[in-house]
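A quick write-up on the structure given underneath.
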C-alpha cells in the first residue's frame, strides 16, 4: 500500500498522539508498505523533507499557531498532490484541516480513515471554547466524509456525543504502543540518585494541561502523606505548554511540598522512560478526560501498577488487566485512598509483562490497521 498519514505534529515532537502515529507509520513500513507523513514544520531547524526510519516526512511552513493547531498556507496544494499519489489516507485528529482532506480525497476517488484520539476538550474561557466549538464542527464534517473511523475502545466511543452519529463507521483498535523492558541495575541507580531508596515513589507523566487532572494529584499530597509520610511524587514531562498556562496556576502546590515533588523533565529515550516507570512504586493517571491513556499501559509493561480515574476510555487498561485501581474522578481524597491502597498492598496489583502483552500488543494493532487500510483501497 501507499499510505498518506496527515497530522499536525510528528517526529521529533513528542506526545502520546505523535508517538502512536510514529509507531504505526514505522510498523507499516517494516511490513513493506510505503508511508508518507504530511505535517507541520513547527520549528525552523526541522528539514522540510526527510526519510526517517523508512517513513517519508513532508513538513509545511506554518505562519501562525491557533491554540493547538497551526496555519499552513501551502497545505491545500501539497495535500492535493500527495492524496492523488497515494492509495489511502489516514488522518490523526484533532486536525483543523480534516474536512479539506476528505473533500480532496473524494475528488481523487480515495478513501479516508479518520483515527480519533479523543474529543477536543479545551480549558474554560471564551477563546478556548470558540476553538473547541469550531474545530469540533470541522471534524464533524470530516467524519461525514470519512470511510471508517478508528477509536481506542468501544467504552470511549459509547460515551462520545461526537462519535455517536457515526457508529456504523467505527473500528475499535487499541493504540500502537511499544516500550522496552526496564534494566534493573539502571533503575536502582536512578532511584538512588533521586534519594528514593527508602521512599514510596508515585509517578505521573504527560503534558501539564487541565484535562490530565494533575491539580487533583497535587491536592491529594497531604492526604497521602498522612498515611505514607515518605511518599514522593515524581513528574516526567514538559510543563511548558504554549497553548495553556495550567502549570502556572498550580505551581504554588509544588512549591508547598519541597522534597515531596520531583521533576525529571521530558524523557524521549524509550529505555530511559521504561526505567523511569519501573523506579516508581505506583503510577497515577488522574485525568478529567482521556480516550485511553497510553502512559498507563507503558507503566504496566514496566512492572508498575496504576491508579487511574474511572472515566470512559481511560479506565479500559485497568479493567482489561487488573493491574491497578480505578477511583472517582476529580476527587483528591479518592485518589489519595487509591494511591495509599496500592502502595501498602502492592502485590495483588502487579502482573507480569507477558500478561499485559497478551492484551496490548503492537503487532496485533498493526495487523488490525493493515487489514482496515487494505479494505479501503
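No value in this document is a laboratory result; all are computed from the given coordinates. Note that the structure is predicted; figures quoted are calculated from it, not measured. Neighbour counts run over all protein chains shown; Cβ positions are idealised from the backbone, glycine included.
Points to keep in mind about this one:
- Full extension of the chain between residue 188 and residue 256 gives 21.7 nm of extra length, using 0.36 nm per residue less the Cα-Cα distance.
- Ordering of 60-66, 219-225, 2-8 by burial proxy (mean other Cβ atoms within 10 Å per residue, highest first): 2-8, 219-225, 60-66
- Theoretical FRET efficiency, 1/(1+(r/R0)^6), r = Cβ-Cβ of residue 140 and residue 71, R0 25 Å, to 0.05: 0.75
- Region 315-373: C-alpha gyration tensor shape, a/c 1.5 cut-off, then a/b vs b/c: oblate
- Entry for mean projected area of the Cα convex hull in nm² (calculated from the structure that is shown) out of (1) 30.4; (2) 26.1; (3) 17.8: (3)
- Ranked list, fewest to most other Cβ atoms within 10 Å of each Cβ, for 146, 302, 160: 160, 302, 146
- Rounded if a/c under 1.5, otherwise prolate or oblate - region 184-357, Cα gyration tensor axes: rounded
- Extension gain for the segment residue 52 to residue 106, taken as residue separation times 0.36 nm less the Cα-Cα distance, is 16.5 nm to one decimal.
- Tilt relative to the chain, helix 75-85 - C-alpha long axis, 0 to 90 degrees, to 10: 70 degrees
- Shape analysis of region 1-118 places it in the rounded category; the axes a ≥ b ≥ c from the Cα gyration tensor give an a/c below 1.5.
- Neighbour counts of other Cβ atoms within 10 Å put 300, 273, 91, 177 in the fewest-to-most order 177, 273, 91, 300.
- If the segment from residue 130 to residue 14 were pulled out straight at 0.36 nm per residue, it would be longer than the present Cα-Cα gap by 39.2 nm.
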